[in-house]
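Participant: Once you've had a glance at the structure underneath, I'll fire off some questions.
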Amino acid sequence: QVQVVESGGGLVQAGGSLRLSCVVSGSIFSINAMGWYRQAPGKQRELVATISGGTTNYADSVKGRFTISTDNAKNTGYLQMNSLKPEDTAVYYCNALITSRLYWGLGTRVTVSS
């Protein structure tokens with residue numbers, strides 16, 4: 001049984017910062033990759049950032065503002081979000097690639113006020 005749980009969302013004013021966490025627990029041999037996605041109301045889920053083998057990728061909309069990282073010893077990933085904008089408002093989801101299977105969390109809500 002593998003669980004993926006996001007936390008750290010909340011309400012923040014434009015220009016502020018939040019740090020999201022993604023804790024992976026259960027029968028884990030290794031986390032091969034991790035990604036963060038988000039879904040705004042009425043829109044499709046979109047890729048925000050990924051990390052695999054130390055290589056990171058970001059959506060153009062968040063480059064220079066967001067940073068993805070992992071702490072492998074803790075089986076935890078992070079998404080540091082700076083200079084937040086109202087358009088960043090969404091539910092943010094973490095996924096983890098573990099032994100060729102993809103696991104999703106239930107999301108954490110981020111609201112950025114203008």
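Just so you know, all these numbers are worked out from the coordinates, no wet-lab data involved. Note that the structure is predicted; figures quoted are calculated from it, not measured. Quick reminder, even Gly has a Cβ in these numbers, built from the backbone with ideal geometry, and neighbours come from all protein chains shown.
Participant: Considering each residue of region 1-42, count those that are outside any strand (DSSP E or B) and closer than 14 Å to Leu102 by Cα, and give that number.
Facilitator: 7
Participant: Free of Cβ contacts under 8 Å to residues at least 12 places away in the same chain and under 14 Å from the mean Cα position of the chain (by Cα), is that true of Asp60?
Facilitator: It is false that Asp60 is free of Cβ contacts under 8 Å to residues at least 12 places away in the same chain and under 14 Å from the mean Cα position of the chain (by Cα).
Participant: Out of the residues in region 69-114 meeting the condition of being of a type in the set (A, V, I, L, M) and surrounded by fewer than 19 Cβ atoms within 10 Å (Cβ to Cβ), tell me which one is farthest from Gly42 (Cα to Cα).
Facilitator: Ala73
Participant: Just name the residue that is surrounded by the most Cβ atoms within 10 Å (Cβ to Cβ) out of those in region 43-63 that are assigned to a loop (DSSP other than H, G, I, E, B) and of a type in the set (A, V, I, L, M).
Facilitator: Top of the filtered list is Val62.
Participant: Is there any pair with a first residue in region 78-102 that is in contact (Cβ under 8 Å) with a residue 40 or more places away in the chain and a second that is assigned to a helix (DSSP H, G or I) whose Cβ atoms are under 9 Å apart and which are 6 or more apart or on different chains, and what are they?
Facilitator: Here the result reads Met81/Asp88, each pair linking region 78-102 to a residue that is assigned to a helix (DSSP H, G or I).
Participant: Also: For residues that are among the basic types (Lys, Arg) and more than 24 Å from Ser30 (Cβ to Cβ), tally how many sit in region 100-114.
Facilitator: Total satisfying the criteria: 1.
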